[in-house]
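Structure first, commentary second.
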Amino acid sequence: MVKQIAIIGGGIIGATTAFYLSDLQGNENVQVTLFDDDTGQATKAASGIISPWLSKRRNKRWYALAKRGAELYPELVKAAQLSDRAYQQSGTIVTRKSHDDLLALYHEAEIKIQHTSAMGNVELLDADEVQRRMPLLTNAPEGIFVSGGARIDGANFVTELLTRAEQNNVQVSHQRVSLTADGSLETHDGPRKFDRVIIATGAWMHETLQPLGLNIKVRPQKGQLIDITINMPNRWKDMPVMMPESMSDIIPFNGGKLVIGATHENDEGFDLTPKAAARKQLFKNAQAFIDNLSESQITDMRVGTRAYTDDFAPFFGVVPMLPNFLIGGGLGSSGLTTGPIIGYFLAQAILGGPLDDWSQYTKPVSRYIV
Ligand SMILES: Cc1cc2nc3c(=O)[nH]c(=O)nc-3n(C[C@H](O)[C@H](O)[C@H](O)COP(=O)(O)OP(=O)(O)OC[C@H]3O[C@@H](n4cnc5c(N)ncnc54)[C@H](O)[C@@H]3O)c2cc1C
């Protein structure tokens, strides 16, 4: 019998889960409906970087998940036929303020690359070479180039992914829904019962789970970024992304859009107002590397709400005592990297596909419930 599946949330986790439920083996046994409210979505606000390998984070589960996530991207992009408006493997340049720290990181990269084919190749670049590869920079630092790094446009990514899912018979419903105490979904058309429910509501997860009597420890964090429009000659195409140490990332898109981001505000709840101070700071960070910019080139400012857990780690799995409810969230500032692999795992679990040992990637969901 065909099982009715609901996904609540259409960010990177929800959209990827929907796509895989419509694409992987066994999809003929499920009918999927995705509900998404879209307000404040972190994924659509983010223009992001996929390059976890040289992160300063030392959380082993996070690294295992992020590494798998980065590996999945090229496969996902191919399977869903996503365009280069959604994803581009441009390479990333990682910097350090001290030359010795950069050399130590390069050494670490040389070791990691031996068992991480998705990194592509790594090169130690002096400032002149960084400037040659990113001609828009006027004050280029030295850095490490990782060819497997990529940039994604979160809004285009989920839009294209959901379009593919809809072509594969997933229903996408743009509305806010809520759970009821008996596990039904309260929708605009009245209550609906599903065989399985996937909860991917990002920073809103606490509110989503309350009707089930569960208090989940996920808090909102505001993130802001600016778009700067620059005159980008065609020959500058396919520039890498730069991730300067303790500064805003610089993400050039073909066509002359430069994304500078992002901020991390822990005390502004779900506020989506762009703030002048953040705009000023982000612009100043860009000027540190490109000194001929003018504020009139700022053409957009985006705000999204990330979800954080108390140990800064993402989590996913079956909701305790509720075997028909699966959940994934707490992605924080690297959720574009970890979201798709969580979506893949959740879809495999629903479709009865082969499952990895999830404990290598996540603590149990119960760890995040009070
Ligand atoms: C400015 C910014 C820059 C970032 N840069 C990067 C980066 O460079 N690299 C990286 O890896 N990550 C980055 N991130 C983090 C990443 O974007 C997030 O961690 C990730 O997108 C979260 O995905 P999600 O699916 O869990 O949640 P979201 O994308 O927030 O999606 C949750 C969705 O659920 C919907 N929803 C909530 N409740 C309900 C309900 N009751 N009914 C229906 N719908 C509901 C919401 O409206 C929303 O659309 C950035 C984030 C921000 C904000």
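Here are a few things to note about the model shown:
- Per-residue ellipticity at 222 nm computed for the chain from its helices equals -8500 deg cm²/dmol, with DSSP H segments shorter than 4 residues left out and the rest contributing -39,500 (n - 2.57).
- Positive-end residue of 319, 281, 301, charge dipole of region 236-370 with Cβ unit charges: 301
- Separation of alpha-carbon centers, region 214-228 and region 288-329, rounded to whole Å: 5 Å
- Binned Cα-Cα distances of the chain, short to long, each 20 Å bin given as a whole percent: 30, 57, 13, 0
- Rel. contact order, % - alpha carbon contacts under 8 angstrom, at least six apart, the chain: 26 percent
- Each of 53, 73, 89 was scored by the projection of its Cα onto the charge dipole of region 11-90, and the greatest displacement toward the positive side belongs to 53; charges sit on the C-beta of Lys, Arg, Asp and Glu.
- Given 112/257; 60/97; 78/112; 67/193, the pairs whose alpha carbons are separated by over 29 Å: 112/257; 67/193
- Rounded, prolate or oblate (a/c below 1.5 giving rounded, otherwise prolate when a/b exceeds b/c) for region 88-146 by Cα gyration tensor: oblate
- Entry note, region 84-188: relative contact order of 33 percent, from Cα contacts under 8 Å with a spacing of 6+ residues.
- Rounded to the nearest 20 debye, dipole of region 83-135 from Cβ charges on Lys, Arg, Asp, Glu: 260 debye
- Basic side chains Lys and Arg get +1 at the Cβ, acidic Asp and Glu get -1 at the Cβ, and with that the dipole of the chain about its Cα centre reaches some 280 debye.
- Region 39-58 and region 351-368 have their alpha-carbon centroids 21 Å apart.
- In terms of accessible area, using a 1.4 Å probe and ignoring ligands and nucleic acids, 1, 134, 301 rank largest first as 1, 301, 134.
- Cα centre as origin, Lys/Arg/Asp/Glu Cβ charges: region 204-354 dipole, Debye: 240 debye
- Linear extension gain, residue 237 paired with residue 100, 0.36 nm per residue minus alpha-carbon span: 46.2 nm
- Estimated at 0.36 nm per residue, the fully extended path between residue 310 and residue 3 surpasses their Cα-Cα distance by 107.0 nm.
- Förster radius 35 Å - calculated FRET efficiency between residue 322 and residue 268, Cβ distance, rounded to 0.05: 0.65
- Charge tally for residue 246 (other residues, Cβ to Cβ under 13 Å; Lys, Arg +1; Asp, Glu -1): 0.
The values are calculated or read from the model by the stated rules, or taken from the named source; none is laboratory data. Keep in mind it's a predicted model, so treat the numbers as computed, not measured. Backbone-built Cβ (ideal geometry, glycine too); neighbour counts: all protein chains shown. Heads up: the accessible areas ignore ligands, DNA and RNA and are worked out on the full protein's heavy atoms, side chains in. Shrake-Rupley method; radii C 1.70, N 1.55, O 1.52, S 1.80 Å.
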